[in-house]
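Down below is the structure, laid out as structure tokens.
Please treat every number below as a calculation from the coordinates, not as lab data. Keep in mind that this is a model prediction, so the values were computed, not measured. Glycine also receives a Cβ, built like all others from the backbone with ideal geometry; neighbour counts cover every protein chain displayed.
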Amino acid sequence: YATVGLRWKKSDLTWSIQNYPSLYPFLKPDDVKSIMIYAFKAWSDVTNLNFQAAPPTSEQDRADIKISFARSLHDDGYPFDGKGGTLAHAFFPGEYEVAGDTHFDDEESWTYGDDSGTDLFAVAVHEFGHALGLSHSSTSPSIMRPYYQGAVAVDIRSYILPDDDRYAIQSLYGKKISPSAPSPKNPTSQLPKPPNTPHPKVPLKPDPSIQNRCEGGFDAVANIRGEVFFFKGPYFWRIQRSRSLVSLQPALIKNFWIGLPPGTNKIDAVYERKSDSRIIFFIGSQYWVFKDTVAMSGYPRPLSDWGMISHDGKEVKSVEAAFIWAHNGKTYIFSGGEFWRFSEAEQRHQDAGYPRFSSLWKGVPSNPDDIITEEEGDAYFFKNNSYWVVKSGEMDQDSVTRRSTAVDWMRCPEPTPTTLPGNPRGREGECNCGISG
Amino acid sequence: HLAPMPDQYSRGVDWLSRYGYLPPPDPRTGQLQSKEGIETAIKEMQRFAGLKDTGKLDSDTLKLMSTPRCSLPDIIGSKDLLKKRRRKRR
């Protein structure tokens, strides 16, 4: 992070909104006010700064931070440049008249909670960082990066600053020391509730008897930003980078992954596209592209977009598994004992010479439930309640050991060895199952 | 990665000056930017943005330069700040 050596000499700051966006989608003044309240809250949550809306009187012109929407030349010596390009700017703290003032380019389509325009909340948090004395940061993640990064919160009420920005503002104003952070003077009573955002409802407590994580039989498994998601029916489990389960109880898919059809009861396959971190869901003959946890507009689209034709000339109607093999960055799609390979670095295109038969992958199920790859490049094939590890870059390693998903991933107790009748047995109490077993 | 068109080059130089990577050309001597100075400025911008610091206006760099952004400079030298503050008082 970077600071400019300027800071407010006081911790109680007033703000006012001089005018409102004039372009479609015409955010309502009350919504703009809510967005500004929560943008200030991001900074007051981690310091002892207090932000108070100036009363709608002549005080408005005397507020420390005056917020306005202006276009082109707006007599501050820093003209805007129309849609795109520069989005906003703010003046650093100080004793001079415009200190702290924050200007948004009124020729942008200011929106909130969707990708169609420029997210007002994300830009407001950034600009208020300047109004408090921060300069741009080269760190990622950081709200003070100079480039627009899209919406930064699914629900602005619970937005938390990235660490880099928290250290930056606390280097100027110290840490919050009061016991309970006074939330903004209940904005919801003075102001309408913030724009309705599809935030996850408190998941109904799924009945664990229905979804026993130790049974295996997952529909899809995906490595998303280093965390592994196991999908089964309408539920999913989430395993953090530390390999610890976020919760033994599954969460409801519909409460977290926003945009799938109501009543979704089976996900076929999921993977994270490395080129842009979008997350692809396959269900039946359709697929969705998610930006973070919200499906992007224009989806679902038909699976035929992928152009997968099986050896016997039939169009693929559903996908069993999908993953990006870290060792070569290629996307592999499995269906009906065959697999296709795609390059997605720029535009998606199918590599020549596919499909090939899944049996090329020695020692693993030819119709896996799903596959993931981890940073080191190994590929994990999941089927029923087992998984197999294919070493990075290999397809026909001679010994692939079968392991227990329940024990290694779901933290379930080791199954007690049983002697199954008619099963080839080694020493007493052991049983050796073939791959198909 | 095609070499930038001439106007892309001049726009790139303007962009670098605007966001603090290149000092504005010296009005007294009318001295133009040196090639080395521009390459150094491009590398600094690339490092700040987390791009490969090639020192060239390659496609990734030009693409980022056209990304919507905050209009404040990335590098704020103290002289700029003083100048800014002086302008404010006037």
In nm, spacing of pseudo-spin labels at A:Asn367 and A:Ser392 (7 Å Cα→C-beta vector):
3.3
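In the neighborhood of A:Glu227, defined by Cβ-to-Cβ distances under 9 Å, what is the net charge if each Lys or Arg adds +1 and each Asp or Glu adds -1?
Summing Lys and Arg as +1 and Asp and Glu as -1 gives +3.
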Tell me the angle of helix A:120-131 to the major Cα principal axis of chain A, expressed in degrees between 0 and 90 and rounded to the nearest ten.
50
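Please arrange A:Glu374, A:Glu346 by how many other C-beta atoms lie within 10 Å of their C-beta, fewest to most.
Starting with the residue having the fewest Cβ neighbours, the order is A:Glu346, A:Glu374.
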Charges on Cβ only, +1 for Lys and Arg, -1 for Asp and Glu, centred on the Cα centroid of chain A; of A:Tyr78, A:Ser158, A:Met308, which one is farthest towards the dipole's positive end?
A:Ser158
How would you rank B:Cys70, A:Cys214, going from fewest to most other Cβ atoms within 10 Å of each one's own Cβ?
A:Cys214, B:Cys70
Can you check what the net charge comes to around A:Lys383, using other residues whose Cβ is under 11 Å from the Cβ of A:Lys383 (Lys, Arg +1; Asp, Glu -1)?
-2
With the cut-off at 24 Å, tell me which of the pairs A:Lys10/A:Lys41; A:Lys274/B:Lys63; A:Lys254/A:Lys291; A:Lys28/A:Lys175; A:Lys274/A:Lys391; A:Lys266/A:Lys391 have Cα atoms farther apart than that.
A:Lys28/A:Lys175; A:Lys266/A:Lys391
Let's test the formula: R0 of 30 Å, r as the Cβ-Cβ distance of B:Lys63 and A:Arg62. What FRET efficiency results, to the nearest 0.05?
0.10
How large is the dipole of the range A:1-115 about the Cα centre if only Lys and Arg carry +1 and Asp and Glu carry -1, each at its Cβ, rounded to the nearest 20 debye?
360
Assign one of three labels to chain A, namely rounded, prolate or oblate, based on the Cα gyration tensor with a ≥ b ≥ c the square roots of its eigenvalues; rounded applies when a/c is under 1.5, prolate when it is not and a/b is larger than b/c, and oblate otherwise.
prolate
Helix A:29-44 sits off the longest principal axis of the Cα atoms of chain A, rounded to the nearest 10 on a 0 to 90 degree scale, by 80
Just to confirm a number: summing +1 for Lys and Arg and -1 for Asp and Glu over residues other than A:Pro146 whose beta-carbon lies under 12 angstrom from that of A:Pro146, what do you get?
+1
Between A:Phe26 and A:Asp115, what FRET efficiency follows from the Cβ-Cβ distance if R0 is 25 Å, with the result rounded to 0.05?
0.90
Going from the fewest other Cβ atoms within 10 Å to the most, one would list A:Ile177, A:Ile37 as A:Ile177, A:Ile37
